[in-house]
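Chemist: Below you'll find the structure I mean.
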Amino acid sequence: MQQANWQAELRKTKIGPATLLEDIGLARNAPALANQAAISFPLRVTEGFKNRITNGDEHDPLLRQILPLAEEDRDHPDFSFDPLAEYAKQPVPGLLHKYHGRALLVVTGACAIHCRYCFRRHFPYAESNPASQQWQTALDYLARDQTVTEIILSGGDPLTVSDERLSGLVQSLADIPHIKRLRIHSRIPVVLPERIVDTLLDWLTGTRLRPVMVVHANHANELDNSVAMAMEKLKRAHVPLLNQSVLLRGVNDSVTALAMLSERLFDYGILPYYLHMLDPVKGAAHFAVDETQARSIMQGLRELLPGYLVPKLVREIPDTPSKILL
Ligand SMILES: *Cc1c(COP(=O)(O)O)cnc(C)c1O
Ligand code: SF4
């Protein structure tokens with residue numbers, strides 16, 4: 001029953017830009033929209049996230065994250081299809097193993113919302129997306145490599161997959177003796193909090209693997225009461241909660257916006273983890289914040305917040321053994 005609800009919500013997430021603009025009272029003075037970029041990576045948003053957009057505000061920080069603007073169609077020499085050179089980093093399809101001890105499984109290409117700045121917006125999911133029968137290849141690889149102690153379920157958004165399939169996957173992972181931790185990277189607890197149902201908590205906390213959930217919010221307005229309730233369930237199940245954000249021009253590129261985000265996250269039992277510099281993915285150049293400004297924002301945050309509410313500013317550079325701390 002619960003499952004049917006969130007799956008029905010997921011099926012309704014692909015809406016046209018015109019419908020969205022109508023719904024939020026911007027039909028008449030709409031910003032210029034993308035053509036090409038909106039075809040290859042269409043607008044997708046949940047009802048809940050849409051309801052958190054301020055009506056009539058063309059500069060709303062949530063709207064900017066999902067609306068395909070005309071800027072996306074413009075080419076930029078430094079912005080490419082695969083900025084992190086990830087396609088070549090897969091020992092088996094759908095498994096990224098870049099860092100010591102941790103391997104990331106691209107469980108699915110599907111997401112509940114499409115974030116316009118997403119560095120995997122051009123990822124070739126059709127080839128790299130291991131359907132459940134192919135998960136076996138990844139599991140075999142993980143079983144052979146005893147240095148891997150943590151598995152990250154990512155995507156796309158891993159929580160778009162049914163609990164039945166995720167439960168089977170997690171049991172197979174728990175059968176590999178050297179794996180200790182199960183990390184979930186998901187935007188769904190924020191954008192589709194109804195997804196946090198008992199059957200999810202069952203597989204997340206039902207094996208010997210230590211769970212950790214890394215959610216993804218970029219602005220305090222993304223966190224409303226429905227999100228608080230989902231977080232409460234995860235906390236009661238003793239799942240540590242962390243947040244990662246991307247530093248985005250016009251969304252959260254100020255000390256005030258990021259301080260409010262950190263404060264709200266803590267209210268909801270979540271600690272800030274990473275603040276990522278934008279990956280230079282084609283179509284996202286209009287979100288770029290330069291490093292000088294990023295460092296000055298970080299200094300402002302350190303002066304305003306307790307240390308544990310200041311996220312780590314990081315950049316990803318291909319072929320380095322970790323993310324780079326700025
Ligand atoms: C970011 C990332 C991780 C996790 O890195 P942490 O620093 O442990 O959060 C693991 N694998 C890949 C491919 C990543 O991009
Ligand atoms: S993978 Fe994450 S950041 Fe990218 S579109 Fe999906 S939810 Fe957004």
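The values are calculated or read from the model by the stated rules, or taken from the named source; none is laboratory data. Predicted model only: the values in this text are computed from it and were never measured. Cβ placement follows ideal geometry from the backbone for every residue including glycine, while neighbour counts extend to all protein chains displayed.
Chemist: Could you check segment 1-111 for helices (runs of 4 or more DSSP H) lying wholly inside it with 3 or more residues that are polar (S, T, N, Q)?
Modeler: Values: elements: 2-11, 17-23, 36-40, 47-51, 61-66.
Correct list: 2-11.
Chemist: Out of all the residues in segment 8-48, which are without any contact (Cβ under 8 Å) to a residue 24 or more places away in the chain and loosely packed, with under 14 Cβ neighbours inside 10 Å?
Modeler: 8, 11, 18, 19, 27, 28, 39
Chemist: At pLDDT 95 or above, in contact with a His (Cβ under 7 Å, 6 or more places away or on another chain) and not assigned by TED's automatic domain parsing to the domain that holds residue 224: is that true of residue 21 in this structure?
Modeler: Here the answer is no, as residue 21 does not meet what is asked.
Chemist: Here's another thing I want to ask about it. For segment 145-153, state whether one or more residues are away from ligand 2 (no atom under 14 Å from the Cβ), part of a helix (DSSP H, G or I) and more than 20 Å from residue 62 (Cβ to Cβ).
Modeler: No, because not a single residue in segment 145-153 is away from ligand 2 (no atom under 14 Å from the Cβ), part of a helix (DSSP H, G or I) and more than 20 Å from residue 62 (Cβ to Cβ).
Chemist: Give me the residue from segment 49-91 that is crowded, with 20+ Cβ neighbours inside 10 Å and among the β-branched types (Val, Ile, Thr) and, out of that set, farthest from ligand 2 (Cβ to nearest atom).
Modeler: 53
Chemist: Additional query: Kindly evaluate residue 107 against the criterion of being in contact with a Lys or Arg (Cβ under 8 Å, 6 or more places away or on another chain) and crowded, with 18+ Cβ neighbours inside 10 Å.
Modeler: Values: in contact with a Lys or Arg (Cβ under 8 Å, 6 or more places away or on another chain): no; crowded, with 18+ Cβ neighbours inside 10 Å: yes.
The answer is no for residue 107.
Chemist: Taking segment 159-188 on its own, how many of its residues are away from ligand 1 (no atom under 16 Å from the Cβ), within 12 Å of residue 107 (Cα to Cα) and assigned to a loop (DSSP other than H, G, I, E, B)?
Modeler: Looking only at that region, the number is 2.
Chemist: If residue 102 satisfies all but one of (1) modelled with pLDDT of 95 or more; (2) farther than 16 Å from residue 288 by Cα; (3) touching a helix residue (DSSP H, G or I) at 6+ places or on another chain (Cβ under 9 Å), what's the number of the condition it fails?
Modeler: Only one criterion is unmet by residue 102, namely (3).
Chemist: Something else: Exactly one condition in (1) touching a His at 6+ places or on another chain (Cβ under 7 Å); (2) under 22 Å from residue 184 (Cβ atoms) is not met by residue 311; state its number.
Modeler: (1)
Chemist: Could you say which residue among 283, 250, 300 is more than 16 Å from ligand 1 (Cβ to nearest atom), surrounded by fewer than 20 Cβ atoms within 10 Å (Cβ to Cβ) and touching a residue at least 60 places away in the same chain (Cβ under 8 Å)?
Modeler: From the options 283, 250, 300, the qualifying one is 250.
Chemist: Please pick out the residue among 170, 197, 214, 191 that is over 30 Å from residue 61 (Cα atoms) and not small (Gly, Ala, Ser).
Modeler: 170
Chemist: Next question. Tell me which residues, restricted to segment 303-320, are free of Cβ contacts under 8 Å to residues at least 40 places away in the same chain and either within 16 Å of ligand 1 (Cβ to nearest atom) or β-branched (Val, Ile, Thr) (or both).
Modeler: Listed by number, the residues that qualify are 312, 315, 317, 320.
Chemist: Could you list, in sequence order, all residues of segment 292-315 that are touching a strand residue (DSSP E or B) at 6+ places or on another chain (Cβ under 7 Å) and not aliphatic (A, V, I, L, M)?
Modeler: Selection gives 308, 311, 312, 315.
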